[in-house]
1. Among 75, 63, which is the only one that is surrounded by fewer than 18 Cβ atoms within 10 Å (Cβ to Cβ), outside any helix (DSSP H, G or I), over 15 Å from the mean Cα position of the chain (by Cα) and charged (D, E, K, R)?
2. Would you check if there is a residue in the range 28-47 being closer than 21 Å to residue 256 by Cβ, in contact with an Asp or Glu (Cβ under 9 Å, 6 or more places away or on another chain) and among the aliphatic types (A, V, I, L, M)?
3. Evaluate the range 262-273: report whether one residue or more is farther than 19 Å from residue 17 by Cα and not polar (S, T, N, Q).
4. Tell me which of these residue 291 doesn't satisfy, since it passes every other one: (1) surrounded by fewer than 19 Cβ atoms within 10 Å (Cβ to Cβ); (2) in contact (Cβ under 8 Å) with a residue 40 or more places away in the chain.
5. Looking at residue 248, is it of a type in the set (Ser, Thr, Tyr), under 21 Å from residue 210 (Cα atoms) and touching a residue at least 12 places away in the same chain (Cβ under 8 Å)?
6. The conditions are (1) out of contact with any Gly (no Cβ under 7 Å at 6 or more places or on another chain); (2) in contact (Cβ under 8 Å) with a residue 24 or more places away in the chain, and residue 186 fails exactly one of them. Which is it?
7. Search the range 158-172 for residues being surrounded by fewer than 22 Cβ atoms within 10 Å (Cβ to Cβ) and under 26 Å from residue 98 (Cβ atoms), and hand back the single one that is farthest from the chain's Cα centre (by Cα).
8. Which residue is farthest from residue 48 (Cα to Cα), if the candidates are limited to the range 205-243 and must be surrounded by 22 or more Cβ atoms within 10 Å (Cβ to Cβ) and of a type in the set (Val, Ile, Thr)?
Amino acid sequence: MRKDHNKFRGTGVAIVTPFKKSLAIDFDAYEEIINHVINGGADYIVVLGTTGEASTLTKHEKKALITFSVEKINKRVPLVVGVGGNSTSDVVLAIHGTPFKGVDAILSVAPYYNKPPQEGIFQHFKTISEASPVPVILYTVPGRTCSNISASTTLRLANECSNIIGIKEASGNLDQITQVLNRRPQDFLVLSGDDALTLPLLALGADGVISVVANACPGDFSEMVRHGLQGDFIQGRKIHFKLMDFISALFADGSPAGIKAALEAMNLCKSYLRLPLVPVNKEVNKMINDHVSTLILK
């Protein structure tokens, strides 16, 4: 049985990193968002992911965010930390430099830019799994990385690396995801990496989601996931349809710009981003604000 894999069933929130106008990390807002998602019913928190703008953070900032997250979460929910990259040796060094006290797992993205073959991807994650003192969740998101973890590679890693406990699947390829769901070991997690596909994937047997929209509406989204895990798709569909236009709006002009616009409308943080990311355009911002008014602040 894979260690602690059941901790990560349900709704994980890929939490944003709020910035001040100076673009320093806004730790006060960060604490508010942590409490917002936990009090809303999220099952765990993911920091230093794509939504957390990890690619623009320094090593010092990453360590500070991990330490702060551990302190403020205070064991209320599990914590997953993003540790990935396109140099295997650099990822191993990052793992060795990560403060793991209070951290329950790492999320590691498929290596980008290099365009490695599947054998290279397998060896990359096998090396990471051997270096990590905590369980590893794979992350495939070819729309961002141009690097896909194929179904056969995912299954090979699932069967050969006991420290790899699951995958965040954001390929959008239902055939690929279905192959993994159908042939995976019983204790290997498949987590949706796409808010809009979460309920359909739960119907196919997925174990949950690592969500962007749940930064704003953790209550509704977590409830939808619970309905899906319980097989109550009538109630799950009601929430899915309620949120679908909001989810589309959040990604209409880039993420995490969209979710930061929503959180600003909720007075949880400002929508500052570090270049090369910029805030959403005026039309999308109005659309997001309208959804926040009708769905969340009503």
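1. Details: 63 fails: outside any helix (DSSP H, G or I).
Criteria check complete, one pass: 75.
2. Checked the range 28-47: no residue is closer than 21 Å to residue 256 by Cβ, in contact with an Asp or Glu (Cβ under 9 Å, 6 or more places away or on another chain) and among the aliphatic types (A, V, I, L, M).
3. Within the range 262-273, the first condition is being farther than 19 Å from residue 17 by Cα, and the residues that meet it are none.
No: the range 262-273 contains no residue that is farther than 19 Å from residue 17 by Cα and not polar (S, T, N, Q).
4. Condition (1) is where residue 291 drops out.
5. Answer is yes for this residue.
6. Going through the list (1) out of contact with any Gly (no Cβ under 7 Å at 6 or more places or on another chain); (2) in contact (Cβ under 8 Å) with a residue 24 or more places away in the chain, residue 186 breaks only (2).
7. 160
8. Looking at residues that are surrounded by 22 or more Cβ atoms within 10 Å (Cβ to Cβ) and of a type in the set (Val, Ile, Thr), I get 225.
The values are calculated or read from the model by the stated rules, or taken from the named source; none is laboratory data. Note that the structure is a prediction, hence the values are computed from the model and not measured. So basically every Cβ, Gly included, is an ideal-geometry build from the backbone, and we count neighbours across all protein chains shown.
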